[in-house]
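Report on the following structure.
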Amino acid sequence: MVIEKIELNHFRNYEQLSFEPHEGVNLFFGKNGSGKTNLLEAIHYCALGKSHRVSQDSPVIYSGERVGSCNVTVRGKWGRNEIGVRLQPGDSGGKSVYIDRKKVKKLSEMMGVLRCVIFSPEDLDLIKEGPAVRRRFLDMMISQISRSYFIALQQYRVAMEQRNAILRTSKMLMQSPDPMIEDFEKAMSEYASTIFRERKKITEMMGEESFPIYREISGKKDEIFQIQYHSFVKKEEDLNEYNRILKENREDDQKQGITSVGPHRDDLHLTLNRKSMKMYASQGQMRTGALTLKLAQLKILTKISGESPILLLDDVMSELDLQRRMNLLQEIGTIQTFITFSDEGDLDASQGYRTYAVSQSDGRARIQEIKSGPETVKTLLCEPDFSYD
Ligand SMILES: Nc1ncnc2c1ncn2[C@@H]1O[C@H](COP(=O)(O)OP(=O)(O)O)[C@@H](O)[C@H]1O
Ligand SMILES: [Mg+2]
């Protein structure tokens, strides 16, 4: 798919922007704090209805304003769509999503209209940090290809919050839990099975895709990268047992006011030569691992949906050595890509690509085209002296 137009209104430091990106690679140069990530964040909003870096909508609205919005016109294999996200936090309006100028009733309706994969320096957290980061990665990815997954995820959370609320109340009142808890546990079990099956299926696909990608990027044949889904469900049949497990755990859960078992506690286990990457891998291996996960995500989204998502590479080029950068660009091929750089020294290496300068003055961001690239990215990749060093 291709983004034909991006329009921002009071979004982060963009007072107003109307921008038509190139169908291939777009490079954005600018000092730190100029508005490069903000632009990618707007694309992420139009794909998933939320930011990739903050959980609240209010920081995203241009300082001093009450309403902010981002709009993207996307051309995919099913035609052209305009996606609009209007943010008005703290008001009854909240967040509204529009597809072709019609307000959608549920956020799930926007899933898959625009798909994106974002690479950022924080991807290292996928290896280094706790399970929540990896679950979020899986959830964001699967939601873009399965609306029923996104709905199951939302409904599971709602049912779990209700269960937790009942447990907390019963603790406070020193009474047995409200019988309604049965209904919420039943709902949790149903949604948990959709979540588990989808995550398991995608993790298996990730494993297959990742293995050769890791080798390719690292250039080391003896390094075996593997991914496994670690769940509270040990055997498929245990899924039927979830309802019973929830019931059994009520007393313990009541003490803590939380639900201790379920897909909200699952994890992706990443290993290199069968050793936990989090515990044993070097910084370089972790970087390769994180990049591998994102490239595998790209491949799977493309395979399942039958078209390439939009690629967003935020400040990751400077972290890769020349060989890894070249490998990454080869993988990208002709996919529409937005790449940001904060190092102006890299500007010399942008020959041939559509290049823009992002700057901020008086708190307002501005994007200016500084170079037009040739028609296709392919020719660029053949440039013999293509290098960022
Ligand atoms: N809600 C907002 N309103 C106005 N400016 C904002 C808002 N949120 C962030 N900014 C400004 O945006 C800039 C950071 O933009 P960002 O895209 O993260 O920078 P970078 O180019 O380094 O990626 C900072 O100057 C910050 O003050
Ligand atoms: Mg940035």
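The values are calculated or read from the model by the stated rules, or taken from the named source; none is laboratory data. It should be emphasised that the depicted structure is a prediction, and the values quoted were computed from it without experimental measurement. Reconstructed Cβ throughout: ideal geometry from the backbone, glycine too, with neighbour counts over all protein chains shown.
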Residue 285 vs. criteria more than 19 Å from residue 205 (Cβ to Cβ) and surrounded by fewer than 16 Cβ atoms within 10 Å (Cβ to Cβ): no
field: Which numbered condition residue 16 fails, given (1) closer than 22 Å to residue 119 by Cα; (2) not hydrophobic (A, V, I, L, M, F, W, C); (3) not in a helix (DSSP H, G or I)
entry: (1)
- prompt: Cβ-Cβ below 9 Å, separation at least six or inter-chain, first residue in the range 212-223 and assigned by TED's automatic domain parsing to the domain that holds residue 299, second of a type in the set (Asp, Glu) and modelled with pLDDT of 90 or more: which pairs?
  reply: 214/223; 215/223
- request: Would you check which residues across the range 285-315 are outside any helix (DSSP H, G or I) and within 25 Å of residue 39 (Cβ to Cβ) and list them?
  value: 307, 308, 309, 310, 311, 312, 313, 314, 315
query: Could you say which residue among 217, 227 is buried (at least 19 other Cβ atoms within 10 Å of the Cβ), outside any loop (DSSP other than H, G, I, E, B), at pLDDT below 95 and within 22 Å of the chain's Cα centre (by Cα)?
result: 217
- request: Just give me the residues in the range 14-31 being surrounded by fewer than 19 Cβ atoms within 10 Å (Cβ to Cβ), modelled with pLDDT of 95 or more and within 13 Å of ligand 1 (Cβ to nearest atom), in sequence order.
  value: 15, 16
message: Can you find a residue that is crowded, with 17+ Cβ neighbours inside 10 Å and near ligand 1 (Cβ under 9 Å from one of its atoms) anywhere in the range 42-58?
response: no
query: Mind checking which pairs have a first residue in the range 234-258 that is under 18 Å from residue 190 (Cβ atoms) and a second that is outside any helix (DSSP H, G or I) and modelled with pLDDT under 90, Cβ under 9 Å, 6 or more apart or different chains?
result: 238/232; 239/233; 241/233; 242/232; 242/233; 245/232
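Restricting attention to the range 146-193, which residues are closer than 20 Å to residue 263 by Cβ and of a type in the set (Lys, Arg)?
Answer for the range 146-193, where residues must be closer than 20 Å to residue 263 by Cβ and of a type in the set (Lys, Arg): 147, 157, 163, 186.
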query: Quick one: which of 266, 314, 253 is surrounded by 17 or more Cβ atoms within 10 Å (Cβ to Cβ) and more than 21 Å from residue 127 (Cα to Cα)?
result: 253
- prompt: Of the residues that make up the range 96-108, is at least one in contact with an Asp or Glu (Cβ under 7 Å, 6 or more places away or on another chain), touching a residue at least 40 places away in the same chain (Cβ under 8 Å) and either under 27 Å from residue 147 (Cβ atoms) or outside any loop (DSSP other than H, G, I, E, B) (or both)?
  reply: no
message: Within the range 168-183, does at least one residue satisfy the condition of being out of contact with any Ser or Thr (no Cβ under 7 Å at 6 or more places or on another chain), in contact (Cβ under 8 Å) with a residue 12 or more places away in the chain and either crowded, with 22+ Cβ neighbours inside 10 Å or hydroxyl-bearing (Ser, Thr, Tyr) (or both)?
response: no
- line: Flagged in the range 35-87 as within 18 Å of residue 141 (Cβ to Cβ) and within 16 Å of ligand 2 (Cβ to nearest atom), in numbering order, are 40, 41, 43, 44, 45, 51, 52, 53
- request: Identify all residues within the range 289-342 that are charged (D, E, K, R) and more than 30 Å from residue 274 (Cβ to Cβ); write none if there are none.
  value: 307, 314, 315
message: Just to check your reading of the model, which residue among 300, 335 is more than 16 Å from ligand 2 (Cβ to nearest atom), within 30 Å of residue 20 (Cα to Cα) and in the same structural domain as residue 51 (by TED's automatic domain parsing)?
response: 335
query: When you scan the range 295-341, how many residues do you find that are at pLDDT 85 or above and not hydrophobic (A, V, I, L, M, F, W, C)?
result: 14
